[in-house]
Each structure stands twice: as C-alpha cells, then as structure tokens.
Amino acid sequence: MKVLSAGFVKSALRPEQYPRDGRPEIAFVGRSNVGKSTMLNILLNKKGLAKTSKTPGKTQTVNFFDVNGNVYFVDLPGYGYAKVGKSLREEWAKVLTSYLTSQRPLRLVVALVDSRHKPAGQDFDMLELLEQAQVPTLIVATKADKQRPNELAESLCDIRKTLDIDSDALLVPFSALTKAGLRDIWNVVDDALRTKTGKR
C-alpha cells in the first residue's frame with residue numbers, strides 16, 4: 001500500500017468511543033518504550049504523527065490514525081512500565097484487552113519486542129491473548145541496529161525460543177535508524193488488508 005494521506009483521528013478508552021465505520025484496522029502493541037509510535041511514524045512517512053517520548057508510557061489510550069481514507073492504524077497502550085502506579089497499569093491493561101477482545105474489523109496485530117532483551121512474561125501473556133482472540137499476528141524485533149549481526153541473530157533465536165514461535169513463522173528484525181525490515185512489515189500488512197479474515 002502506498003500511503004497517500006495519514007492523520008490522527010481520535011483517542012479512545014472505551015469500545016463505544018471506537019470508530020464504527022467498519023474500516024479494516026492494523027494494530028500495534030508492545031511494551032512501553034519498545035518503539036511503537038516511532039514505527040508508526042516511519043510506516044506512515046509522517047514524522048511526529050504518533051507522539052513519541054523517551055519517557056516510557058506515553059501512549060495511554062487507543063489511538064486511531066486514518067490512512068488513505070480507508071484503513072485505520074491503531075496505536076495501543078504500552079504495557080510493562082513499572083514506574084507508574086499499579087492502578088494505572090491495571091487501567092492500561094483493561095483498555096488494551098478491551099480493544100483486542102472487542103468485535104473489531106482487525107486484520108492484523110503487529111506485536112513489538114525489543115531485540116536487545118529477552119521477552120518478559122507480559123510479552124508471552126500478550127501473545128496468548130492474541131492467540132485466544134484468534135487475531136493474525138506479526139512479531140517484530142525492534143532496535144535491531146543496536147546489536148552486531150551475530151548478536152542480533154542470537155537474540156532472534158532467544159526470542160523464538162522464549163515465545164515458542166515456530167521456526168517457519170515470520171519474525172522481522174526492524175531498525176528505525178536504517179529502516180531494515182520495513183518492506184517485510186509492509187508486505188505482511190498488505191497481505192492482511194487483501195484478505196477478509198480477522199475479527200469482526
């Protein structure tokens with residue numbers, strides 16, 4: 001898909017606030033500070049569209065972005081940020097789970113993990129939730145440029161093993177700096193948008 005236009009639509013906390021026009025949705029999820037908003041800006045070729053911050057936990061709502069007038073890209077709240085209160089973490093988790101389990105025209109979830117760190121229990125919990133919801137999922141290992149090639153290869157093997165990812169399943173290393181992995185991500189997104197599978 002060639003991005004001709006992209007713009008912020010709305011932030012939402014509850015399902016009744018989500019768009020109701022039935023457009024297909026591509027959602028992005030991951031731990032706080034894993035690089036979701038940065039990836040969105042690169043995919044949509046619009047710097048600053050999704051707000052980024054060096055402080056984890058910037059995304060606290062479900063944020064909808066219009067793409068070409070016919071698709072929504074959805075930036076979901078980050079999880080796993082320990083420096084906020086338990087009640088706020090629980091509220092973010094509710095917002096996240098509510099979106100993923102609601103009846104949305106969701107074609108694909110791009111689940112981000114940091115290539116430099118072994119996935120934590122919450123990453124595994126997220127993938128379990130996506131599996132239970134029967135949502136097609138692409139796993140992307142961000143910040144790939146922060147490691148040497150042999151270190152990255154070892155990290156990808158660790159991610160596969162920790163998250164129990166099949167050897168033939170796609171795991172895309174991505175770098176916001178070099179744009180490595182960008183075409184692979186777009187290929188999967190395009191395939192997802194061409195199908196009519198996913199949650200309704």
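The values are calculated or read from the model by the stated rules, or taken from the named source; none is laboratory data. Remember, it's a predicted structure, so these values are computed and weren't measured experimentally. No Cβ is skipped: glycine too gets one built from the backbone with ideal geometry, and neighbour counts run over all protein chains shown.
Points to keep in mind about this one:
- Selected residue (only one of Leu193, Leu138, Leu129 is in a strand (DSSP E or B) and either buried (at least 19 other Cβ atoms within 10 Å of the Cβ) or hydrophobic (A, V, I, L, M, F, W, C) (or both)): Leu138
- The residues of region 161-181 that are closer than 18 Å to Val109 by Cβ, surrounded by fewer than 18 Cβ atoms within 10 Å (Cβ to Cβ) and not β-branched (Val, Ile, Thr), listed by number, are Asp164, Asp166, Ala169, Leu170.
- Test: Glu151 is more than 18 Å from Met39 (Cα to Cα) and modelled with pLDDT of 95 or more: yes
- Scan region 112-126 for residues that are surrounded by fewer than 22 Cβ atoms within 10 Å (Cβ to Cβ) and either in contact with a Gly (Cβ under 7 Å, 6 or more places away or on another chain) or hydroxyl-bearing (Ser, Thr, Tyr) (or both) and the total you get is 2.
- Against the conditions (1) touching a strand residue (DSSP E or B) at 6+ places or on another chain (Cβ under 9 Å); (2) at pLDDT below 90; (3) not small (Gly, Ala, Ser), Lys58 satisfies every one except (1).
- The C-beta contact set for region 17-41 (first residue under 12 Å from Leu106 (Cα atoms), second residue among the acidic types (Asp, Glu), distance under 6 angstrom, 6+ apart or interchain) comprises Phe28/Asp75.
- Only one entry of Val172, Val109, Val95 meets the criterion of being within 14 Å of Ala27 (Cα to Cα), in contact (Cβ under 8 Å) with a residue 24 or more places away in the chain and not in a helix (DSSP H, G or I), and that entry is Val109.
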